[in-house]
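Below: one structure, written as C-alpha cells.
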Amino acid sequence: MTIRAVLWDVDDTIFDYARADHVGMSAHLTAEGLVDGYASVDQALGRWRELTVLHWRRFEAGGVDFQEQRRERVRDFLAEPGMTAAEADGWFERYVSHYEAAWELFPDALPVLDLLADDYRHGILSNSSLHNQDRKLRVLGVRDRFEAVLCAAELGVAKPAAEAFHAACTALDLRPSEVAYVGDQPDIDARGAVEAGLRGIWLDRADTGGRPELKRITSLRELPALLGGHTRFGAPSTFG
C-alpha cells in the first residue's frame, strides 16, 4: 500500500525536548534557589526526569489528567505534598518560562520536512496537549507544515493505544496502511504504530541499536530514503 502521509511525534523527534528541559530546568533551579538541595544540577535534573516519566505514565494510563500530573510532579520534586494547586501551577509556569527560552528544532528536522513536503501529507500525533504542542509548533515556525495536530489530552486516549493512531488517520482521511509514523520511542511510537496498522519508524538518535523487528533510523536524514518506495506516484515499495 502506498504511503501518502507521515505522522510525527514532536518531543525528542523534531523538537529537542531533552536539551530544552536541561537548559530550562538548570536556569529554573538556580532562580528558585534549589541547586543546593542536590549534590549537582545533574542529580536534580535526573530526579525531575524520573518524576516526569512516572507521572506521565499515570496520565497516559488515564489515572490523572494533564494538569494534575504536572502538579504532582512539582509536589514530589519539592517534597511538599500539601502544596496547593495554585502554588504548584505557579512553580511549573516559572519553569516553563526558562524551558521555552531554550526551544529549538533538531538541525535535521526542517531540511527533511522540506524534502518530504511535495510527496507526502503531514500530521502530528503527540501524547501531550494541544495547548502545548500547537503553540510550540507555531513558536518554532513549523505549524503550517502539518494538516492536523492531535494530542492525547484532547483525544482522551494516548499512544500506544491503537485508537490514538486511528484518530490521526481519520483526521487525514487515510487508512492506517497509507500512513507512516515517526517517533523516538520504540514501543510507544514505532511498535504502537505497527500494531495499529501503520508503518512505524523508530528514530533512535542515540543509536542504541537492537529491536530488529522495528524499522529504525538514527537521523531524520535517513527518512526520505526509507520512504522512497512509498510515493503517491505509485513507485514500488522497498519498505519491507
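For this structure, a couple of remarks:
- Among (1) assigned to a loop (DSSP other than H, G, I, E, B); (2) open to solvent by 70 Å² or more (accessible area, probe 1.4 Å), the one test that Trp103 misses: (2)
- Remark: Glu68 matches the filter, which requires a residue to be open to solvent by 30 Å² or more (accessible area, probe 1.4 Å), part of a helix (DSSP H, G or I) and more than 22 Å from Arg138 (Cα to Cα).
- Odd one out for Gln133 among (1) more than 17 Å from Ile3 (Cα to Cα); (2) out of contact with any strand residue (DSSP E or B) (no Cβ under 9 Å at 6 or more places or on another chain); (3) open to solvent by less than 70 Å² (accessible area, probe 1.4 Å): (2)
- Criterion (over 20 Å from the mean Cα position of the chain (by Cα), over 23 Å from Val41 (Cα atoms) and surrounded by 15 or more Cβ atoms within 10 Å (Cβ to Cβ)) met by exactly one of Asp119, Asp76, Asp108: Asp119
- Looking only at segment 52-73, residues that are over 17 Å from the mean Cα position of the chain (by Cα) and within 23 Å of Arg19 (Cβ to Cβ) come to 1 in all.
- Of all residues making up segment 1-40, the number that are more than 24 Å from the chain's Cα centre (by Cα) and of a type in the set (Val, Ile, Thr): 3
- Of all the criteria given as (1) of a type in the set (Gly, Ala, Ser); (2) modelled with pLDDT of 95 or more; (3) assigned to a helix (DSSP H, G or I), the one not satisfied by Ala153 is (2).
- The condition (being modelled with pLDDT of 95 or more and over 22 Å from Phe146 (Cβ atoms)) is satisfied by just one residue among Asp12, Asp76: Asp76.
- Within segment 6-63, being of a type in the set (D, E, K, R), open to solvent by less than 50 Å² (accessible area, probe 1.4 Å) and on the phi < 0 side of the Ramachandran plot holds for Asp9, Asp11, Asp16, Asp21, Glu60.
The values are calculated or read from the model by the stated rules, or taken from the named source; none is laboratory data. Please read these numbers as outputs of a predicted model, since none were measured by experiment. Reconstructed Cβ throughout: ideal geometry from the backbone, glycine too, with neighbour counts over all protein chains shown. Side chains included, ligands, DNA and RNA excluded: accessible areas come from the protein's heavy atoms. Shrake-Rupley method; radii C 1.70, N 1.55, O 1.52, S 1.80 Å.
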